[in-house]
Amino acid sequence: MSGVKTTDARLRPDACEASNNQDLPESLSGNLKYTLIGVVFGIVFVKAEIVSWFRIQEMFRLDSFHMYGVIGTAVVTGALSVFLIRFFKVKTIQGEEVVFPKKTFNRGQIYGGLLFGLGWAITGACPGPLFAQIGAGYLAILVTLISAVAGTWLYGYFRDKLPH
Amino acid sequence: MIQCLSQPWPWYIAGVLIGLTVPALLLLGNKIFGISSNLRHICAACIPAGIPFFKYNWKRELWNLFFVGGVFIGGIIASTVLADNSPMVIGESTQTALGQMGVRDFSGLMPSDLFDTAYILSLKGFFFTVVGGLLVGFGTRYAGGCTSGHAISGLASLQWPSLVATICFMAGGFIGTWVLLPLILKIV
């Protein structure tokens, strides 16, 4: 398996941006380990108040360092881990070579990025926090989630007509 | 233990744990951290409608739906077993600015003035959940990722298209907060 794969949506309409690059198929019990990571992740989301609409407002009003601290630390931790994995050629637990798909630039990252930013400020949520907010008992966010699925569907429908 | 975990967690603990998700997913199964892709998988599984963008082997990406299932459960645990009843501390100028626009209840994670289930069928609910959700879903897929896929795993693997996307997320967020939000709150 090559170390670099193209994920350019224009070239590979079937490409998934957050892809599964494992050669071996996942069993049901294999998939449950991702649920476990998700549980920890969801707890962090709520306990560090990252899923709070107010924290997102503070971030965009430059009124608090909290969210910048969270995202900054996450990027540094992630980057250091990726560097170590590459440097020591660490293999996955199945013994496979770790794949880092290359992201290709297209103008969608600008237009889509701006649109998502608007939505982020209004809903106070990225796609991940939506699930944690619903779990935390904010049932109106179910509507936001359904609407976000509809938005994704609309993108798929109009994709060929949009500038990329 | 429970009492210690129940207090609000500082940003550096949260940041490290979120950052560690990137190597955890890579080493456990060669998976790339990116949550918005789930919205696409749901479309592909439930309403593909013959659209080429939704014709792919979504079953191979089921792991990610298991992941967000976990996020949902984590939300339940954090708000029940690990619940903390002390009020959230919110910046004073944010409170003042929001207060002037009619957001006055600062008690929960989400403002009840905007996201109470009673507003679902009102104009308020329409803007904050329906329009907001459409922007999140459409925008993330158009951009090819969200905060996790671009801002965290993209930046962590030093990919410049992710930096462009992240800058645009932030720019959109600033416009949304300073221009769009006051406008919507004037209408509803």
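The values are calculated or read from the model by the stated rules, or taken from the named source; none is laboratory data. Because the structure is a prediction, the values reported are computed rather than measured. Cβ placement follows ideal geometry from the backbone for every residue including glycine, while neighbour counts extend to all protein chains displayed. Just so you know, the surface numbers come from the protein's heavy atoms only, side chains and all, with ligands and any DNA or RNA stripped out. Shrake-Rupley method; radii C 1.70, N 1.55, O 1.52, S 1.80 Å.
Once the partner protein chains are put back, the stretch A:21-41 shows a loss of at least 50 square angstrom of accessible area, versus the chain by itself, at A:Asn31, A:Tyr34, A:Thr35, A:Ile37, A:Val39, A:Phe41 (probe 1.4 Å, ligands and nucleic acids excluded). Of the residues B:His150, A:His164, the one with the largest accessible area comes first in the ranking A:His164, B:His150, computed with a 1.4 Å probe on protein heavy atoms. With a 1.4 Å probe and every protein chain kept in, tell me what percent of the accessible surface of the stretch B:1-85 is carbon plus sulfur. Carbon plus sulfur share of accessible area: 71 percent. Carbon-plus-sulfur accessible fraction, chain A (probe radius 1.4 Å, protein heavy atoms only): 69%. Among B:Ile2, B:Ile77, the sequence by solvent-accessible area, most first, with a 1.4 Å probe is B:Ile2, B:Ile77.
Rounded to the nearest 500, the 222 nm mean residue ellipticity of the protein assembly as shown from helices alone is -17500 deg cm²/dmol, with -39,500 (n - 2.57) taken per DSSP H run of at least 4 residues. Solvent-accessible area assigned to carbon and sulfur over the stretch B:116-188 amounts to 80 percent, based on a 1.4 Å probe.
Within a straight-line Cα-Cα reach of under 16 Å, B:Lys31 can be paired with the following aspartates and glutamates, leaving aside sequence neighbours fewer than 8 residues apart in one chain: A:Glu17, A:Asp23, A:Glu26, A:Glu96, A:Glu97, B:Glu61. Note that the protein assembly as shown presents 41 Å² accessible area per residue, ligands and nucleic acids not counted, probe 1.4 Å.
Each chain gives up part of its surface: A and B jointly bury about 11200 Å² of accessible area, both sides summed, for a 1.4 Å probe. What's log10 of I(q)/I(0) for chain A at q = 0.16, 0.17, 0.18 Å⁻¹, Debye sum over Cα points only, no solvent? The calculated log intensity ratios at q = 0.16, 0.17, 0.18 Å⁻¹ are -1.35, -1.46, -1.52. In loop segments of the stretch A:65-164 as defined by DSSP, the trypsin sites (Lys or Arg not before Pro) with at most 15 further C-beta atoms inside 10 Å of their C-beta are A:Lys89, A:Arg107.
Quick check: Cα centre of the stretch B:59-106 to Cα centre of the stretch B:16-37, how many Å? One Cα centre to the other: 21 Å.
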